[in-house]
Amino acid sequence: MDTGRVVPLFRAMSQPVTKFTTPLSLLVDAVLVGAFFIGIYTLVAPHVPSNDKKMIMLWGALCAACMSGVFWLAVQMFRVVLTAQRADRRK
């Protein structure tokens, strides 16, 4: 016997009141990540065990891209935590 009653299993997530990122902050982050990519590429490219310039560029860029992705995540987490801490301090 089906009663037709729906039981909600999950509550809807509350939406954040304030945005932690702005277009300007994303632009600053993109510049930082680009500079980080270039810096890491210049560090890792000489360590690629190959004499082929294309392979050196490929594997150096892949390594720098992976590390730049982690750097971008760290910058985003830092920005959100810093903004939340500032908001809590104002209360």
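The values are calculated or read from the model by the stated rules, or taken from the named source; none is laboratory data. Quantities reported herein were computed from a predicted structural model and do not represent experimental measurements. Ideal geometry is used to build each Cβ from the backbone, glycine not excepted, and the neighbour counts take in all protein chains shown.
Going by the conditions given, is Phe37 assigned to a helix (DSSP H, G or I), touching a Ser or Thr at 6+ places or on another chain (Cβ under 6 Å) and at pLDDT 95 or above? It would help to see each step written out before you state the result.
Details: assigned to a helix (DSSP H, G or I): yes; touching a Ser or Thr at 6+ places or on another chain (Cβ under 6 Å): yes; at pLDDT 95 or above: yes.
Considered against the rule, which asks whether it is assigned to a helix (DSSP H, G or I), touching a Ser or Thr at 6+ places or on another chain (Cβ under 6 Å) and at pLDDT 95 or above, Phe37 comes out as yes.
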Worksheet item: Hey, any hits in the range 6-22 for a residue that's surrounded by 14 or more Cβ atoms within 10 Å (Cβ to Cβ) and at pLDDT 95 or above?
Response: no
Worksheet, complete the sentence: Of the residues in the range 39-58, those that are surrounded by fewer than 13 Cβ atoms within 10 Å (Cβ to Cβ) and under 17 Å from the mean Cα position of the chain (by Cα) number 0
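Please find, among Phe78, Phe71, the residue that is in contact with a helix residue (DSSP H, G or I) (Cβ under 6 Å, 6 or more places away or on another chain), among the aromatic types (Phe, Trp, Tyr) and either in a helix (DSSP H, G or I) or without any contact (Cβ under 8 Å) to a residue 12 or more places away in the chain (or both).
Details: Phe78 fails: in contact with a helix residue (DSSP H, G or I) (Cβ under 6 Å, 6 or more places away or on another chain).
Sole residue among the options that is in contact with a helix residue (DSSP H, G or I) (Cβ under 6 Å, 6 or more places away or on another chain), among the aromatic types (Phe, Trp, Tyr) and either in a helix (DSSP H, G or I) or without any contact (Cβ under 8 Å) to a residue 12 or more places away in the chain (or both): Phe71.
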Worksheet item: Are any residues in the range 59-86 among the β-branched types (Val, Ile, Thr), farther than 17 Å from Phe36 by Cα and surrounded by 13 or more Cβ atoms within 10 Å (Cβ to Cβ), and if so, which ones?
Response: Val80, Thr83
